[in-house]
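The values are calculated or read from the model by the stated rules, or taken from the named source; none is laboratory data. These figures come from a predicted structure and were not determined experimentally. Heads up, the Cβs are rebuilt from the backbone with ideal geometry, glycines too, and the neighbour counts pull from every protein chain shown.
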């Protein structure tokens, strides 16, 4: 009976995994590491807001991607991208946040930021502050 039950549940478990996409993000080495908060969050959106509230994103377009972590470090990944800053140096930022599931919600296991530079020798995404 237990075996039959397990056989019936296996496709459902696989289907659940298939509906949550793996986030296609650059590796952690492409981002400047950020400090990890010593607290749990009730949702992935709450984690994204935690980091966004520390940035000046007033006029920015914000895109959030939430899915499975393909790196194997955690169970979930959040990729938050901002674009359209009214700045002659930085036109956007991107946060890469890896989460682990805990009894009290989600815990941040790894977080990093990179900047979309508008000028300099190599405009585009950089883990360093823009010139």
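Observations, loosely collected:
- Here residue 31 fulfils each of the conditions (1) touching a helix residue (DSSP H, G or I) at 6+ places or on another chain (Cβ under 9 Å); (2) within 14 Å of residue 113 (Cβ to Cβ) apart from (1).
- Residue tally, condition part of a loop (DSSP other than H, G, I, E, B) and touching a helix residue (DSSP H, G or I) at 6+ places or on another chain (Cβ under 7 Å), over the stretch 112-131: 1
- Across the stretch 80-95, the number of residues qualifying as over 18 Å from residue 43 (Cβ atoms) and either touching a residue at least 60 places away in the same chain (Cβ under 8 Å) or out of contact with any strand residue (DSSP E or B) (no Cβ under 6 Å at 6 or more places or on another chain) (or both) comes to 5.
- Qualifying residue in the stretch 13-23 (condition: closer than 13 Å to residue 107 by Cα and modelled with pLDDT under 95): no
- Filter pass, residue 109 being over 13 Å from residue 33 (Cα atoms) and either touching a strand residue (DSSP E or B) at 6+ places or on another chain (Cβ under 8 Å) or assigned to a strand (DSSP E or B) (or both): no
- You will find that of 34, 73, the residue that is within 28 Å of residue 104 (Cα to Cα), surrounded by 12 or more Cβ atoms within 10 Å (Cβ to Cβ) and at pLDDT 95 or above is 34 and no other.
- Flag set for residue 63, criterion: modelled with pLDDT of 90 or more, loosely packed, with under 13 Cβ neighbours inside 10 Å, under 17 Å from the mean Cα position of the chain (by Cα) and closer than 25 Å to residue 116 by Cα.
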